[in-house]
Amino acid sequence: MGRDYYSAAGNEILNNGHTIQVNFRPGSTMSLNGHTYELKQFHFHAPSENQIKGESFPLEVHLVHADKEGNLAVVGIMFKEGAENKALTKAWNQMPEQKNAKQALSQVINAEDMLPSDKAYYRFNGSLTTPPCSEGVTWLVMKEPVTVSKEQVEQFTKVMGTHTNRPVQPLNARPVLQ
Ligand SMILES: [Zn+2]
């Protein structure tokens with residue numbers, strides 16, 4: 001997984017009623033087996049939708065990428081409870097509390113800051129968990145979780161008013177490649 005997440009920063013943050021989402025200007029890219037995907041947005045789920053070895057996490061972020069043909073690749077990163085996450089603080093400071101509200105970002109948010117130091121990942125094929133639920137999405141789930149404080153998780157669930165995940169899907173239809 002090669003990437004250039006420094007060429008474009010997030011430019012707006014929105015509350016769509018289901019999640020908090022940061023939209024990106026064109027230019028940040030991720031490449032997989034020589035194929036280039038552009039970063040479109042990232043958004044959050046609490047608790048996590050994916051699991052690592054049967055363990056679920058209080059929060060997960062999905063970095064959604066698309067190639068020129070519209071094929072999607074999503075990078076999932078788990079948050080485990082621990083130290084405050086500084087990158088998340090920047091987002092949370094600017095998240096709209098009203099449903100269907102969005103605002104321009106005044107503090108720069110870069111996708112690179114969301115990644116764990118160890119870039120190893122699990123890879124599998126599956127479907128996107130939020131609308132539109134398209135099949136054929138390439139999933140990369142980072143093996144190493146990053147940290148989030150209990151207060152940060154509470155801040156998110158309070159704004160969203162409810163848990164934002166859906167039941168974990170059986171893994172039988174999507175072999176995990178390592
Ligand atoms: Zn998602």
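The values are calculated or read from the model by the stated rules, or taken from the named source; none is laboratory data. Since the model is a prediction, treat every value here as computed from it, not as a measurement. FYI the Cβ positions are ideal-geometry reconstructions off the backbone, even for glycines, and counts take in every protein chain you see. Areas reflect the complete protein model, heavy atoms only, side chains present, ligands, DNA and RNA absent. Shrake-Rupley method; radii C 1.70, N 1.55, O 1.52, S 1.80 Å.
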Open item on the list: Of everything in segment 92-110, what is in contact with a strand residue (DSSP E or B) (Cβ under 6 Å, 6 or more places away or on another chain) and aliphatic (A, V, I, L, M)? Give them in sequence order.
Closed with: MET95, ALA101, ALA104, LEU105, ILE109
TODO: Only residues that are in a loop (DSSP other than H, G, I, E, B), in contact with a helix residue (DSSP H, G or I) (Cβ under 6 Å, 6 or more places away or on another chain) and open to solvent by 70 Å² or more (accessible area, probe 1.4 Å): list them for segment 94-121, please.
DONE: GLU97, GLN107
TODO: For segment 51-87, name all the residues that are more than 11 Å from the chain's Cα centre (by Cα) and within 16 Å of THR19 (Cα to Cα).
DONE: PRO58
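In this structure, does GLU69 turn out to be without any contact (Cβ under 8 Å) to a residue 24 or more places away in the chain and in a loop (DSSP other than H, G, I, E, B)?
Values: without any contact (Cβ under 8 Å) to a residue 24 or more places away in the chain: yes; in a loop (DSSP other than H, G, I, E, B): yes.
Answer is yes for this residue.
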- [ ] Mind counting the residues in segment 12-41 that are under 13 Å from HIS65 (Cα atoms) and of a type in the set (Asp, Glu)?
- [x] 1
TODO: Can you run down the residue pairs with Cβ atoms below 8 Å, 6 or more apart or on separate chains, where the first is in segment 37-50 and in contact (Cβ under 8 Å) with a residue 12 or more places away in the chain and under 18 Å from MET95 (Cβ atoms) and the partner is hydroxyl-bearing (Ser, Thr, Tyr) and within 9 Å of the ligand (Cβ to nearest atom)?
DONE: HIS43/THR19; HIS43/THR130; PHE44/THR19; PHE44/THR164; HIS45/THR19; HIS45/THR129; HIS45/THR164; ALA46/THR164
Open item on the list: Restricting to segment 6-36, give me the number of residues that are assigned to a strand (DSSP E or B), more than 23 Å from PRO96 (Cβ to Cβ) and in contact (Cβ under 8 Å) with a residue 40 or more places away in the chain.
Closed with: 2
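In the list GLU55, GLU84, GLU144, which residue meets the criterion of being more than 19 Å from ALA8 (Cα to Cα) and modelled with pLDDT under 95?
Values: GLU84 fails: modelled with pLDDT under 95; GLU144 fails: modelled with pLDDT under 95.
Residue meeting the stated conditions: GLU55.
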TODO: Provide a single number: the residues in segment 43-82 that are open to solvent by 10 Å² or more (accessible area, probe 1.4 Å), more than 13 Å from the ligand (Cβ to nearest atom) and not hydroxyl-bearing (Ser, Thr, Tyr).
DONE: 16
